[in-house]
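Peer 1: One structure coming up, written as structure tokens, with questions to follow.
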């Protein structure tokens with residue numbers, strides 16, 4: 001089935017618009033992912049600090065017989 005040039009041109013424009021929207025969504029998702037990765041690393045650091053604190057408190061408790 002042959003299509004007129006106008007129909008083909010409209011289809012190409014629709015695909016180009018859809019591609020542009022998809023690329024925009026992808027860029028936003030990549031930005032969101034980077035932000036979440038930063039937040040995750042920060043939370044890992046906080047968790048590690050809390051673990052060290054808990055270990056230190058446990059060691060002090062053992063040393064001074066508070067348990």
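Peer 1: Of the residues that make up the range 42-53, is at least one over 28 Å from the mean Cα position of the chain (by Cα) and at pLDDT 95 or above?
Peer 2: Yes - at least one qualifying residue is present in the range 42-53.
Peer 1: Further question on the same structure: Give the number of residues within the range 47-67 that are in a helix (DSSP H, G or I) and exposed (fewer than 10 other Cβ atoms within 10 Å of the Cβ).
Peer 2: Residues meeting the conditions: 1.
Peer 1: Residue check: is residue 3 surrounded by 10 or more Cβ atoms within 10 Å (Cβ to Cβ), outside any loop (DSSP other than H, G, I, E, B), at pLDDT below 95 and over 12 Å from the mean Cα position of the chain (by Cα)?
Peer 2: no
Peer 1: If residue 27 meets every condition in (1) part of a helix (DSSP H, G or I); (2) surrounded by 10 or more Cβ atoms within 10 Å (Cβ to Cβ); (3) at pLDDT below 95 apart from one, which number is that one?
Peer 2: Of the numbered conditions (1) part of a helix (DSSP H, G or I); (2) surrounded by 10 or more Cβ atoms within 10 Å (Cβ to Cβ); (3) at pLDDT below 95, the odd one out for residue 27 is (3).
The values are calculated or read from the model by the stated rules, or taken from the named source; none is laboratory data. Just so we're clear, the structure is a prediction, and the values are computed from it rather than from any experiment. Neighbour counts run over all protein chains shown; Cβ positions are idealised from the backbone, glycine included.
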